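Structure first, commentary second.
The values are calculated or read from the model by the stated rules, or taken from the named source; none is laboratory data. Fair warning: this is a prediction, and the values are worked out from it, not measured in the lab. For neighbour counting, all protein chains shown are included, and Cβ atoms are generated from backbone atoms with ideal geometry for every residue, glycine included. All accessible areas refer to the heavy atoms of the entire protein, side chains included, with ligands and DNA or RNA removed. Shrake-Rupley method; radii C 1.70, N 1.55, O 1.52, S 1.80 Å.
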Amino acid sequence: MQAPIPLPKMPGWLDDFKAFILRGNVVDLAVGVIIGAAFTGIVNSLVKDIFNPIIGILVGGIDFSNVFVALDGKSYPTMDAAKTAGAATLNFGLFINAVIQFLIVAFVIFWTVRALNRMVRAAPPPPPPPPPASEEYLREIRDLLKSRS
């Protein structure tokens with residue numbers, strides 16, 4: 001009968017990595033990233049499907065997703081047509097969309113953090129430390145001297 005083959009020793013860093021991954025902060029961060037990714041989809045839709053059409057109407061029917069400059073000097077009806085032709089483009093409209101998305105996310109995060117700060121009550125300040133015994137003795141002596149006069 002053959003002896004069983006011993007398993008290789010696990011490297012010491014593996015336990016450290018396991019402890020790091022299972023810490024609460026890392027798990028909280030992972031949840032935040034996942035929720036942030038889902039929130040990005042909502043913000044993208046809000047900007048693309050709600051705000052851009054309204055802003056487009058206000059500025060004369062401009063569709064920001066099609067505001068671009070072709071660097072080859074030719075004129076294209078849409079950004080897709082320019083891309084199909086292989087033209088390099090400066091996509092100002094997409095940049096405007098990204099700025100609007102950023103402002104919306106920043107606004108929502110501002111109000112969320114503000115609401116959380118109001119919910120978390122500040123700890124009351126600690127009571128002042130008691131005076132040293134020598135001060136107490138000096139006060140007693142002072143009070144005795146005052147009572148004698």
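For L58, state whether it is over 20 Å from I104 (Cα atoms), free of Cβ contacts under 8 Å to residues at least 40 places away in the same chain and not β-branched (V, I, T). Give the derivation first.
Working: over 20 Å from I104 (Cα atoms): no; free of Cβ contacts under 8 Å to residues at least 40 places away in the same chain: yes; not β-branched (V, I, T): yes.
So L58 does not fit the description; no.
A search for C-beta distances below 7 Å between a residue of region 109-124 that is open to solvent by less than 90 Å² (accessible area, probe 1.4 Å) and any residue that is outside any loop (DSSP other than H, G, I, E, B), counting only pairs 6+ apart in sequence or on different chains, returns nothing.
Regarding A82, is this residue crowded, with 17+ Cβ neighbours inside 10 Å, of a type in the set (G, A, S) and assigned to a helix (DSSP H, G or I)? Spelling it out, A82 is indeed crowded, with 17+ Cβ neighbours inside 10 Å, of a type in the set (G, A, S) and assigned to a helix (DSSP H, G or I).
Conditions tested, residue by residue: (1) loosely packed, with under 10 Cβ neighbours inside 10 Å; (2) touching an Asp or Glu at 6+ places or on another chain (Cβ under 6 Å); (3) in contact (Cβ under 8 Å) with a residue 12 or more places away in the chain.
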residue: A37; (1), (2), (3): yes, no, no
residue: V67; (1), (2), (3): no, no, yes
residue: L90; (1), (2), (3): no, no, yes
residue: P126; (1), (2), (3): yes, no, no
residue: P131; (1), (2), (3): no, no, no
residue: K146; (1), (2), (3): yes, no, no
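Quick check on region 11-27: of everything there that is assigned to a loop (DSSP other than H, G, I, E, B) and either modelled with pLDDT of 80 or more or surrounded by 10 or more Cβ atoms within 10 Å (Cβ to Cβ) (or both), which residue is nearest to the chain's Cα centre (by Cα)? If you could, list the steps in order and put the result at the bottom.
Initially, region 11-27 is screened for residues assigned to a loop (DSSP other than H, G, I, E, B), giving 11, 22-23.
Next cut, either modelled with pLDDT of 80 or more or surrounded by 10 or more Cβ atoms within 10 Å (Cβ to Cβ) (or both) only: 11, 23.
Values: P11: 35, R23: 20 Å.
Applying the filter and picking the extreme gives R23.
When the residues of region 69-79 are narrowed to those that are within 26 Å of D49 (Cβ to Cβ) and within 36 Å of the chain's Cα centre (by Cα), which ends up surrounded by the most Cβ atoms within 10 Å (Cβ to Cβ)? Walk me through how you get there before you give the answer.
Narrowing region 69-79 to residues within 26 Å of D49 (Cβ to Cβ): 69, 76-79.
Going one step further and asking which of them are within 36 Å of the chain's Cα centre (by Cα), we end up with 69, 78-79.
Working: V69: 13, T78: 12, M79: 19.
For region 69-79, the residue satisfying everything is M79.
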